[in-house]
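Q: Quick one: the structure is below, questions incoming.
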Amino acid sequence: MENEDCYFYRNAMNKIVIHKKPETANRRARNISSIILNKEEIFEFLKFIKNDYGNLLDSPLAQRRYERDK
């Protein structure tokens, strides 16, 4: 232990091997597009927040805050 370098003088993360598959731009774009919302989904979500979300709240405090912040 005394013969080893201090963490201040060496990067211990260099010893970790990361196996990363090369990914094409098209594949990356398909993966991202499956995660993010499209325009129609955003519109439906905002419509839900405006019209229906308040009906799901149980406590009066949550209901008041929803009405205030809506």
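The values are calculated or read from the model by the stated rules, or taken from the named source; none is laboratory data. Bear in mind the structure is a predicted one, so any value in this text is a computation, not a measurement. Every residue, glycine as well, gets a Cβ built from its backbone with ideal geometry; the counts of neighbours run over all protein chains shown. The accessibility values were calculated without ligands, DNA or RNA, using every heavy atom of the protein model including side chains. Shrake-Rupley method; radii C 1.70, N 1.55, O 1.52, S 1.80 Å.
Q: Rank these residues by their accessible area, most exposed first, probe 1.4 Å: TYR66, TYR53.
A: Heavy-atom accessible area, descending, gives TYR53, TYR66.
Q: Further question: Can you find, among ILE18, SER33, PHE8, the residue farthest towards the positive end of the dipole of the chain? Put +1 on the C-beta of Lys and Arg, -1 on that of Asp and Glu.
A: My answer, from the dipole projection, is SER33.
Q: Keeping to pairs on different chains or 8 or more places apart, tell me how many lysine pairs in the chain have Cα atoms under 26 Å apart.
A: The number of close lysine pairs in the chain is 5.
Q: Just to verify a number: FRET efficiency for LYS20 and ILE49, C-beta to C-beta distance, R0 = 35 Å, to 0.05?
A: Using R0 = 35 Å, I get an efficiency of 0.40.
Q: Please give the length that would be gained between ALA29 and ASP69 if that part of the chain were fully extended, namely 0.36 nm times their separation in residues minus their C-alpha to C-alpha distance (nm, one decimal).
A: Extra length available between ALA29 and ASP69 comes to 11.0 nm.
Q: Just to verify a number: what accessible area does LYS50 come out at with the full protein assembly present, 1.4 Å probe, Å² rounded to tens?
A: Accessible area, nearest 10 Å²: 130 Å².
Q: Right, something else. Between the helical axis of 39-51 and the dominant principal axis of the chain, each derived from Cα atoms, what acute angle in degrees is found, rounded to the nearest 10?
A: Taking the Cα atoms of the chain, the angle to 39-51 is about 50 degrees.
Q: Right, here's the next one. Go through SER33, SER59 and list them by solvent-accessible area, largest first, probe radius 1.4 Å.
A: The ordering from most to least exposed comes out as SER33, SER59.
Q: Taking the chain as the reference, fit the longest principal axis to its C-alpha atoms, fit the long axis of helix 60-69 to the helix C-alpha atoms, and give the angle between the two in degrees, 0 to 90, nearest 10.
A: Rounded to the nearest ten degrees, it is 80.
Q: Over all directions, average the projected area of the Cα convex hull of the chain and note it in nm².
A: Computing the convex hull of the Cα atoms and averaging its projections yields 11.6 nm².
Q: With charges set only on the Cβ (+1 for Lys and Arg, -1 for Asp and Glu), what does the dipole of the chain come to about its Cα centre, in debye to the nearest 20?
A: 340
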